[in-house]
Each structure stands twice: as C-alpha cells, then as structure tokens.
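S.K.: I'd like to ask some things about the structure below.
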Amino acid sequence: MARLNSPQELKRFQEELLSQRPSTTSFVSICAGTGCLAAGAKEVIGAFKEEMEKSGIAAKIQSKETGCPGFCERGPVVVIYPEEICYLQVAPQDVPEIVAETLLNKKVVERLLYVDPATKKRVQRESEIPFYKKQVRNLIGNNIRIDPRNIEDYIALGGYTALAKALFQMTPEEVLEEVKRSQLRGRGGGGFPTGRKWEESRNAPGEIKYVIVNADEGDPGAFMDRALLEGNPHSVLEGLIIGAYVVGAHQGFVYVRQEYPLAVQNITIAIRQAEEYGLLGENILGSGFHFRVKVHQGAGAFVSGESSALMTAIEGKVGEPRPKYIHTAIKGVWDRPSVLNNVETWANIPLIINKGASWFTQFGTDGSKGTKIFSLVGKINNTGLVEVPMGVTLREIIYEIGGGIPGGKEFKAVQTGGPSGGCLPAELLDLKVGFDELTQAGSMMGSGGMIVMDEDTCMVDVARYFLDFLSEESCGKCVPCREGIRQMLKLLTAITEGKAKEGDLQLLVDLAEVASDASLCALGRTAPNPFLSTLKYFSSEYEAHIKERRCPALSCKALVSYYIDPERCQACLRCLRSCPAQAILGAKNTIHVIDQEKCTRCGTCLEVCPPRFAAVRKVSGEPVPPPLPEEKRIIVREREGK
C-alpha cells in the first residue's frame, strides 16, 4: 500500500477496504490475548488454520488472531461473524466440529455456548451474554474484531479519521477545548483533568516537548492497559498523535513494562505500519506536522509507574521519583514539558474527537465522565475485563456482570485502586463508582484494579499482604516510605501471628499518618490505604486478632488449629497418607489424631477428608479437644461406605 498523503486518500482507502469486506462477510475471530494464549489459544489458532485449509474454505473465510474481549474466565474465546456466534473455552479438538457445523453448514454447536445460570438457557450471541449486557464497551468492544497487527482492520472501522479531523478541520486550540469540554480525567490513578494537563504543557516555555504513554501497569491482578495495547494499539497511537498536535510535541514515548512482551510487540508493529502509511513520521497525511514515537521498555519496578520516576527512567537513569516542586507537565523528561497519560486515557481521545464531547459526557457522573475499564478478579464467578459507565454501583459490577461469589459464599469486601487502594465492605455495595465517590469511601479509582474477597478472607492479612508488596516495591529514596511501610508491615505481621502488644494499633495509625503526609511520591502517600480502610470497616477483626488471639476468618495460619472429631472419623487413612509433616497418628480401624506439636497448619488434612465424613475441624481461638486414649480409638461400629 502506498503512503496516504491526504485525508481524502485516507477516506478513499477506507471505502475501498469496506467494499472488500461487506457486513455479510464471514470471518472467525480467535482471542490471542495473553490470557487466552495461556489457556491454549495458540493451539486453537493452529487447528483452525489446518482445518479450514483441509475443508477448502481458507480463501473464503478469514480467521483473525485478535485481542482480549474481556471474558477471561471462559477463554479461549472464538466469535464467528456476521452471526456473532460466541464459543467459549474452545479446545483444539472442538475445531473440526465448528468448521463442519458452523462454517460449512451454518449450524450452532450448542455445547460450546454460554449457559445462563439463571435461566439455564444457552446464549448464542456474544452481546446477549449477561457478562456483556451491562457493559458499555466503547474502548474494548473492537478488540475481538481487529487483528492488532493489521492496520487495515483498524482503518476499516474508522481508524485515524479522528487524526485527519484534528489536523485538517480543527486548530490545536479547538482540539484542546473539545478535550476539556469532555471532562476526561486521567485513567492512570490520579484522575487529573486531561485537558488541563495538556494546556499546562502547551503553554509552558520551550520548543521541545514530549508526550508519553504510561503502560507501566504494576498493580497485582490488573491488565487493562495490557489488553488495549495488545488488542487495539492503533487507538492508543492515534490518541497520542492528536495529543502531540495539541501540545506541539514532535517526539513521543510508549513506556511499557518488559513483562508485557506481546504488548511491546504489537505496539512496535503498529508504529512501523503507521509510518509506512504516512500516519506517523514526517508530514503526517500531508499536513506538515511531523511526529515520531519510540518504545521504551521498563525494568518492572512498580514505583516506575509514578510520573517523575517513569520520566527519569526514559532519560536512562534509575527509575526513582523526584520532588515535584514543578509539575512534570512543565519540567519532565530532560526538564522539558512532558504530557504523561496512561493507555486508556489516550485511547479515549479519538472517540472524543470523532463523536464530540457531548457524546462522551452522556456517560458517567457529574465528576467522572465516560466509561472505565476494570480488571475484575478474585473470588468472583466471571473474572475478566469489564468496561462500564462511571456511576454504576459496585453491586452491579460484582453481581450482574461478575456473576457473584463462587460456591455460595458471602461477599466480604472489594479492593479497588491496586495495592494502594482501599477495601470496601458489603454495606457499600451500592456505592457509585467514580473518582470522588471511591476516594470519599476510603479507597481510590487507581488504574482500575478490582479484587473481590469472600467470607474466608482475613482483612488484617489482606492489609499485611499489600504492605508487604509495597515494602518490596518502595524505591527506598525517602525515609517515611522506606521505613514507615517496613515498620507497618512488621506490626501487621505480628498481629496476624498473634504476637501483637497493647498499643500496636495506635502505633500503626501514627505511622500511617506520617507516611501519608511526608512521603516523596504517591506510592508512600497512599501505601497506608489498605490498613486504614480495613481498620475503618473491619475493626472487629483487628480486635479479635489482638485481644483474643483469634482469626475470625480462620485464615491466619499461626492462629488456627486442626483436630479430628472422633465421632466422625472413619479411619479411612486419607489424611494420614497425605500429611506432609507426618503429624497424624492412626491406623486402619483406629480413629486418627493430630499431633499438635508436629502440625504445620497447612490444611491438607481438611482438603482430603471426604465431605461425607467431614471429620477434620479447623478452629481459631478455641481449645483443641484432647485426643481419646489409645484404647478407645478402635472403631467398633460399622464404617460408613465400607
């Protein structure tokens, strides 16, 4: 394809692509995101190619390796168009049947469809699956329709028309005003108004300016940015070019963590293709505007996601935060004005320019406009990526989209905002999701991580876990963060081990206050959130751990014990044979007992004890009954199931 030298050539090329791909054209989309690849999608892709060649339809029906459509719990996902037939958990051995029945004979393979747990009916169309019904998929909706390594797929769906509109129909000032009217707030965690940040850099002195994509996604369980970069990299790139046009930048960076090899690969290919088509580089679309992009791979440190640390890393130095007496929008990379937005923020820009600020502001609340992608993980039936309008409730996300808690367990808490976020209890399930609402509740939006916890979760241990993570990830540059988090972790560990002293809880509160007020960057300032939010909403659990040496959730290993109920033990030998510490005494026809001195509290005995016997008991803060004398341990009754 020749270089596109004008908006007219871009439009003609798009029309040509659409004429070659009518809406009735059949094609097979196979999720090739990281999650589905881990579940065997590569083998499924190979099976489709082989079977379609064998059946003689490879020339007529295209198969696409696409990005993540979000329903990660049921991957690998295959969607067949134009019928939109969605098959879940597809294995290579299913492919011959799909090709023979669906592609050749237009019949549906019922067993591979989603079964609605409420109605028990099979759902054929992707959009009718309950997981998707409540979502508004403005950003990730095209992931399953686009081959991320083929720029023509993106252009055929209207890609780069927003760039052409910005360059030829709008001045930089007009684009900036449209972004400001949209009230788009940064999706990376801070929620700073995007238009104001751009304006600050645009008005800053200096000829050389930079725009940067922050794809250093380090939150445990979060993969929103990865899915966008893997599945629709051109949407991010188009937004970045438009931002550069507004700010007056001619150099951009995509800072992506090294642990995302597929995202690095796909954005690198997207940059090369955009340059070949005249959409990036010198004289973009014949406009006279030139802009180039480099991919910078981060070393994986969590703190490098902080703006000044990220920019320091781009300069080739250690990725450590620096005092921001002056905003990075004015003095960033090499002390030059630098606009940093995360992947999701940039991907929103083409939509705002094409559809207008008024379209964007129809979604959301007064203070939080648009949609937001969340990574929904943890104790939830439907794990995956969800995109919803700001303002939906936690209950809608967890129960209507997420499908509720597995195994009939009770919901206990949801942690939002990554390791520096807070844990919100069941009484806040009807809280609307927005920047200000989450902050007022003691949590934060963050980049969009959402971890669901059930009744078996110890909230004290949750706080300890996240402080442990943040202690490891602290760069150590400032004392309040380095020592404050470390001391908080020591105290929380002591509480979970039943070793806390009187006054430890108040000391934790004091340390949290110092870290929040005096730390150099956001990592240290927000690190106390997991502790403070769990103390606020689950104070009774802290009291039980400290005063009663008891874990109500039966989770903290040092505070639980196991014993075997002599009335229920059937001497089946399963726990005895499975115990890694050889802490179980017993024999055939002899009631088993656990040697408490040898027991390591691993829980293996509880796991292997047959449910029909349910002889192993797990307790906390209760005395373990003494074992029966040896002469009374012989089973004389007839054993159940003999």
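The values are calculated or read from the model by the stated rules, or taken from the named source; none is laboratory data. Being a predicted model, the structure only gives us computed values, none of them experimental. Reconstructed Cβ throughout: ideal geometry from the backbone, glycine too, with neighbour counts over all protein chains shown. With ligands, DNA and RNA removed, areas are computed over all heavy atoms of the protein, side chains included. Shrake-Rupley method; radii C 1.70, N 1.55, O 1.52, S 1.80 Å.
S.K.: Search the range 616-627 for residues that are among the small types (Gly, Ala, Ser) and pair each with any residue that is open to solvent by less than 50 Å² (accessible area, probe 1.4 Å) when their beta-carbon atoms are under 8 Å apart and the residues are at least 6 apart or on different chains.
M.R.: Going by the 8 Å Cβ cut-off, the qualifying pairs are 620/551; 620/556; 620/559; 620/560; 620/561; 621/544; 621/551; 621/559.
S.K.: Moving on. Please go through (1) part of a helix (DSSP H, G or I); (2) open to solvent by less than 20 Å² (accessible area, probe 1.4 Å) for residue 447 and return the number of the only condition it doesn't satisfy.
M.R.: Result: residue 447 fails condition (1) only.
S.K.: Tell me, please, whether a residue that is within 30 Å of residue 399 (Cβ to Cβ), among the small types (Gly, Ala, Ser), open to solvent by 50 Å² or more (accessible area, probe 1.4 Å) and assigned to a helix (DSSP H, G or I) can be found in the range 177-191.
M.R.: No, the range 177-191 has no match at all.
S.K.: Taking the range 55-80, which residues are within 26 Å of residue 236 (Cβ to Cβ) and open to solvent by less than 10 Å² (accessible area, probe 1.4 Å)?
M.R.: 66, 67, 69, 70, 71, 76, 77, 78, 79
S.K.: So, in the range 94-114, exactly how many residues are over 30 Å from residue 386 (Cβ atoms), surrounded by fewer than 19 Cβ atoms within 10 Å (Cβ to Cβ) and touching a residue at least 24 places away in the same chain (Cβ under 8 Å)?
M.R.: Of the residues in the range 94-114, 3 are over 30 Å from residue 386 (Cβ atoms), surrounded by fewer than 19 Cβ atoms within 10 Å (Cβ to Cβ) and touching a residue at least 24 places away in the same chain (Cβ under 8 Å).
S.K.: I would also like to ask the following. Which of the helices (runs of 4 or more DSSP H) contained wholly in the range 487-564 include at least 1 residues that are modelled with pLDDT under 95 and under 20 Å from residue 472 (Cα atoms)?
M.R.: 504-518, 522-526, 529-537
S.K.: To continue, here is another question. Restrict the check to the range 527-542 and report whether at least one residue is aromatic (Phe, Trp, Tyr), under 30 Å from residue 190 (Cβ atoms) and open to solvent by 10 Å² or more (accessible area, probe 1.4 Å).
M.R.: yes
S.K.: Just give me the residues in the range 458-486 being closer than 24 Å to residue 620 by Cβ, part of a helix (DSSP H, G or I) and among the hydrophobic types (A, V, I, L, M, F, W, C), in sequence order.
M.R.: Selection gives 459, 460, 462, 463, 466, 467.
S.K.: Give the range 18-58 a look and list any residue that's among the polar types (S, T, N, Q), over 22 Å from the mean Cα position of the chain (by Cα) and not in a loop (DSSP other than H, G, I, E, B), or say none.
M.R.: The answer is 19, 20, 29, 55.
S.K.: For the range 211-234, check the following and say yes or no: at least one residue is touching a residue at least 24 places away in the same chain (Cβ under 8 Å), open to solvent by 20 Å² or more (accessible area, probe 1.4 Å) and more than 29 Å from residue 416 (Cα to Cα).
M.R.: For the range 211-234, residues touching a residue at least 24 places away in the same chain (Cβ under 8 Å), open to solvent by 20 Å² or more (accessible area, probe 1.4 Å) and more than 29 Å from residue 416 (Cα to Cα): absent.
S.K.: Continuing with the same structure: Of the residues 476, 448, 503, which is of a type in the set (Gly, Ala, Ser) and in contact (Cβ under 8 Å) with a residue 40 or more places away in the chain?
M.R.: Every option except 448 fails the conditions.
S.K.: Among the residues of the range 337-358, write down those that are over 15 Å from residue 371 (Cβ atoms) and either buried (at least 24 other Cβ atoms within 10 Å of the Cβ) or at pLDDT below 95 (or both).
M.R.: 337, 338, 339, 340, 341, 353
S.K.: Identify, by number, the condition in (1) crowded, with 18+ Cβ neighbours inside 10 Å; (2) closer than 30 Å to residue 368 by Cα; (3) of a type outside the set (A, V, I, L, M, F, W, C) that residue 484 doesn't meet.
M.R.: Residue 484 satisfies all of (1) crowded, with 18+ Cβ neighbours inside 10 Å; (2) closer than 30 Å to residue 368 by Cα; (3) of a type outside the set (A, V, I, L, M, F, W, C) except (2).
S.K.: Okay, next question. Quick test for you: out of 431, 424, pick the one residue that is under 23 Å from residue 522 (Cβ atoms) and open to solvent by 30 Å² or more (accessible area, probe 1.4 Å).
M.R.: 431
S.K.: Still on this structure, please answer the following. When the range 585-623 is examined, which residues are found to be surrounded by 13 or more Cβ atoms within 10 Å (Cβ to Cβ), of a type in the set (A, V, I, L, M) and under 42 Å from the mean Cα position of the chain (by Cα)?
M.R.: Answer for the range 585-623, where residues must be surrounded by 13 or more Cβ atoms within 10 Å (Cβ to Cβ), of a type in the set (A, V, I, L, M) and under 42 Å from the mean Cα position of the chain (by Cα): 594, 606, 608, 615, 616, 619.
S.K.: Being touching a strand residue (DSSP E or B) at 6+ places or on another chain (Cβ under 8 Å) and of a type in the set (Gly, Ala, Ser) is the requirement here; does residue 75 meet it?
M.R.: Taking the combined requirement at face value, the residue satisfies it.
S.K.: With respect to the numbered conditions (1) touching a Ser or Thr at 6+ places or on another chain (Cβ under 7 Å); (2) open to solvent by 40 Å² or more (accessible area, probe 1.4 Å), which one is the sole condition not fulfilled by residue 362?
M.R.: (1)
S.K.: A follow-up question, please. Condition (residue is touching a residue at least 40 places away in the same chain (Cβ under 8 Å), closer than 30 Å to residue 178 by Cα, among the hydroxyl-bearing types (Ser, Thr, Tyr) and open to solvent by less than 10 Å² (accessible area, probe 1.4 Å)) applied to the range 291-307: is it met by at least one residue?
M.R.: No, the range 291-307 contains no residue that is touching a residue at least 40 places away in the same chain (Cβ under 8 Å), closer than 30 Å to residue 178 by Cα, among the hydroxyl-bearing types (Ser, Thr, Tyr) and open to solvent by less than 10 Å² (accessible area, probe 1.4 Å).
S.K.: Kindly indicate which of 445, 459, 453 is within 14 Å of residue 413 (Cα to Cα) and in contact with a Phe, Trp or Tyr (Cβ under 6 Å, 6 or more places away or on another chain).
M.R.: 459
S.K.: What about residue 129, is it among the β-branched types (Val, Ile, Thr), at pLDDT below 95 and open to solvent by less than 10 Å² (accessible area, probe 1.4 Å)?
M.R.: So residue 129 fits the description; yes.
S.K.: Say whether the condition of being open to solvent by 50 Å² or more (accessible area, probe 1.4 Å), under 24 Å from residue 388 (Cβ atoms), assigned to a helix (DSSP H, G or I) and touching a strand residue (DSSP E or B) at 6+ places or on another chain (Cβ under 9 Å) is met by at least one residue in the range 115-122.
M.R.: No, because not a single residue in the range 115-122 is open to solvent by 50 Å² or more (accessible area, probe 1.4 Å), under 24 Å from residue 388 (Cβ atoms), assigned to a helix (DSSP H, G or I) and touching a strand residue (DSSP E or B) at 6+ places or on another chain (Cβ under 9 Å).
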